[in-house]
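Down below is the structure, laid out as structure tokens.
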Amino acid sequence: MSGLSIRRPYPVLSKDDVSQIRAAAIEGLERIGVKIGTTQGRKLLKKAGATVDERAEIVKIPRSLTEEILAKPHVPVTMHARDPKQTAVLDFSHVHLCNNGTGPLTLDFETGKRRPSTAKDLADSARVSNALENHHVFWPMCNSNDAPPEVRLYVDLQISFENTPKHILYASGANSEEARRLIAMGAAVAGGAEELRKRPIMSSVQTTIAPLQLDGPMMDGAFTFGAAGVPVAIFTMPTPGATGPVTLAGSVTVAAMEFLSGLVLCRLANRNAPVIWGCGVTPLDMKTTTRAGGAPEHGLTGVAITQLAHDFGCPSLTGGFDTTASVPGTQSSIEGFPQGLSVVLGGADLIVGLGLLEDAKTLSLVKLVIDNEEVAMIKRLADGIVVSDETIALDLIEKVGIGGMFLAEKHTMKHLREEQYLPSLIDRRSADLWERDGRKSLEDRARTKVRQALAQPVPCPLDPAVVRKLGAMVDEASKAEITEPIR
Amino acid sequence: MDDYVARLKKAVIEYDMENIAALAKEALDHGMDPLQGIEKGLALGIREVGQRFGAGELFLPELVMAAETMRTGVAVLEPLVPKGAGARETHKVVLATVQDDIHEIGKNLVATMLTANGFDVVDMGVNQPTDAILKKAQELHAEIVGVSALMTTSMPRMKELLAAAQTKGVRSKEKFVVGGAPVTEQYAKEIGSDGTAGDASGAVRLAQKLVGAKT
């Protein structure tokens, strides 16, 4: 079991705000509808009472159907890990951290050069994440661009299983045929399809297309994962001002409509399917035309959507610690920190965003390690101040007395670890010592930590027979005829 | 009459989308030369907007709305420009997301920005096969063909497009630009394209350079 508990939550929406957005989203589904690209999905919705325009693929979902699905009890999602100690339970009251993923580019750790990511980069990212105390779930951080395109999807999962025992959250975007192969790989690692269903060690992120479109193959993939018991995150990302209203409430409503339609679909296809609301709602930068992943608004929408997701009975998966900076440094940290602070204190069930630069494009192992330290600091804020006789310690104050010293008191050591954030990268030495040690920057110290992490063996390595089996499955996929386009 | 030309220019700068059509009609009723209205009015207006956006004075929505205003105005005036009166010089661009890829937000932004900067953009949409892209470019006599990919798995389609253009002998007639999150300068060079840009503003600069270099 992993995760941070939040003693001092910081919601951004009032109860009335939540009700108002919920009502608007439900009304929007009835009045405007969504475009649903999956034939199977439209059939299910029609049978359940929705109005379907087959030619335009637009489905209007009646309020009664949405309400019926939402009336079901909360469905927590357990992200089982190969190493059971690292299982993350998205139970609506703990915050978990996951890295950012699927970066096509990497800042080379040795040369600092920006170049296409490779299989080795992916393996290295998993191995560094193994050493991070505030990292709970692994999302393949980059693509193995040195693997053939037709099997890259499978190679990335294979490398992830081989290099970390954590739960694998996979932004596969898979269609149903690809999903079947990925599920088979998961089953090979879990010890069979039934084992995978009981303890899903992987989950899949399927994205919608803003505004208000659910891609067919993407949703068919979601049904296939759902049928195998693999949790699905429906990732909504309207960009305020471009693919959603500039007002955050408006874009959150668009995201809510997309998610609700996906949730209704997934639940119609598989009754108790574990579904997570994924979101990355952050503005378009109106001067450069880039997506402002590092914007403070990203932190606000993540919390708003967490509140709504909990109201809908689903855990949330939000962006956080994201940055638009091109290199790790001051900008990446001051963009990432307030946003990360917001979503941690807002109680997001799973936060993705550690370790990538340029708005989730470029892997930086140095940033990954720095972000882990930021989480440690925020974790302390989230833990707040515990007030009790034991912590007020008036008896102790009396005992030590006026002008005394608390250093040699047992009470100090008893509470030190929970009361104080203990830095691992932050340097609190005096200036002269820092100077004598070569004036190392935070990034320098992070590099040392990366090197140490890479020198460690992979914990809980896979059985060699499973490794061989995964290899054979990837080989087999390379020979298979592709019947559906690669996504 | 000059007054109407100036008012059309001002309407574009102030993105007066609602009233531009009425203003253009009124200008024609008062005897304004439609070509003059387009070139000295609407086009100069959008050029100024483009420059001010480039200088960081204006925001993207202002640029987009100004372009929309211009388009509405052109739609009223252009049919009345006498044939052979020296047709407006526009640069045609064909854009598409390559086959096997359905991501298009970046491409759409590039289309918006190019349009706002006076390019004549035809956007083919997503998941477009190489042959269809080349055919469309040829049909429209496009000067620039721009393709995008978000997935590393669909990137090879860009290489395929460049190779097919080479084989078909259209490589010298059209300029090919590529873009999308996984595309680097180096990749753009390796596959023999005419360049890439990291964002839509960069795409405009690249396109301007390419058509400028051709004339």
So what is the relative contact order of chain A, in percent, for Cα pairs below 8 Å that sit 6 or more residues apart?
19 percent
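So which trypsin sites (Lys or Arg not before Pro) in the stretch A:100-158 are both in a DSSP loop and have at most 13 other Cβ atoms within 10 Å of their Cβ?
Values: sites: A:Lys113, A:Arg114, A:Lys120, A:Arg127, A:Arg152; in loops: A:Lys113.
Counting only loop positions with at most 13 other Cβ atoms within 10 Å, the trypsin sites (Lys or Arg not before Pro) in the stretch A:100-158 are A:Lys113.
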Kirkwood Rh and Cα Rg combined as Rg over Rh, evaluated for the stretch A:293-345:
1.07
Label-point separation in nm, A:Lys120 to A:Ser14, each point 7 Å along Cα→Cβ
5.8 nm
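Per residue, how much space in cubic angstrom lies within the convex hull of the C-alpha atoms of the protein assembly as shown? Walk me through the numbers on the way to the answer.
Numbers: hull volume 141.6 nm³, N = 702.
Hull volume over Cα atoms, normalised by residue count, gives 202 Å³.
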Residues of the stretch A:133-151 with amide N under 20 Å of a point placed 7 Å along Cα→Cβ from A:Gln452:
A:133-136
Leaving out same-chain residues fewer than 8 places away, which lysines sit with a Cα under 21 Å from that of B:Lys25?
B:Lys9, B:Lys10, B:Lys40, B:Lys83
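Please give me the summed charge of the neighbours of A:Thr324: other residues whose Cβ is under 14 Å from its Cβ, Lys and Arg +1, Asp and Glu -1.
-3
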Taking a cut-off of 24 Å between Cα atoms, list the lysines near B:Lys173, but don't count ones fewer than 8 places away on the same chain.
B:Lys92, B:Lys107, B:Lys135, B:Lys136, B:Lys159, B:Lys189, B:Lys209, B:Lys214
Largest-first principal axis extents, alpha carbons of the stretch B:132-215, Å
28, 26, 19
Subtracting the Cα-Cα distance from 0.36 nm times the residue separation, let me have the gained length for B:Ala21 to B:Val122 in nm, one decimal.
34.1 nm
Say R0 is 22 Å: what FRET efficiency, to the nearest 0.05, do B:Arg205 and B:Arg52 get from their beta-carbon distance?
0.90
Restricting to DSSP loop positions (anything but H, G, I, E, B) with no more than 14 other Cβ atoms inside 10 Å of their own Cβ, which GluC sites (Glu not before Pro) remain in the stretch B:1-95?
B:Glu18, B:Glu57, B:Glu89
In nm, to one decimal, how far is the modelled label at A:Lys72 from the one at A:Ile402, with both set 7 Å along Cα→Cβ?
6.8 nm
Point-to-point label distance, A:Tyr421-A:Lys43, nm (Cα→Cβ direction, 7 Å offset):
5.4 nm
Take the alpha carbon atoms of the stretch A:358-487, find their radius of gyration, then divide it by 2.2 N^0.38 Å using N residues; give the quotient.
1.78
Sequence-distant lysines (8 or more away, or on other chains) whose Cα lies within less than 18 Å of A:Lys479
A:Lys469
Quick one: longest stretch of chain A between exposed loop GluC sites (Glu not before Pro), exposed meaning at most 15 other C-beta atoms within 10 Å and loop per DSSP?
A:134-408
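Subtract the Cα-Cα distance of A:Ser441 and A:Arg468 from 0.36 nm times their separation in residues, and report this length gain in nm to one decimal.
On the way: separation 27, 0.36 × 27 = 9.72 nm, distance 4.27 nm.
Computed gain between A:Ser441 and A:Arg468 is 5.4 nm.
Counting other Cβ atoms within 10 Å, which trypsin sites (Lys or Arg not before Pro) in the stretch A:1-105 have at most 10 and lie in a DSSP loop? Show your work: numbers first, answer last.
Values: sites: A:Arg7, A:Lys15, A:Arg22, A:Arg31, A:Lys35, A:Arg42, A:Lys43, A:Lys46, A:Lys47, A:Arg55, A:Lys60, A:Arg63, A:Arg82, A:Lys85; in loops: A:Arg7, A:Arg55, A:Arg82.
Answer by residue number: A:Arg55.
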If we count every other residue with Cβ under 10 angstrom of A:Ala81's Cβ, Lys/Arg +1 and Asp/Glu -1, where does the sum land?
+3
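Each reported figure results from applying straightforward, stated rules to the coordinates on display, with no laboratory input. The structure displayed is predicted, hence computed values, not measured ones. As a convention, Cβ positions derive from the backbone with ideal geometry for all residues, glycine included, and neighbour counts pool all protein chains shown.
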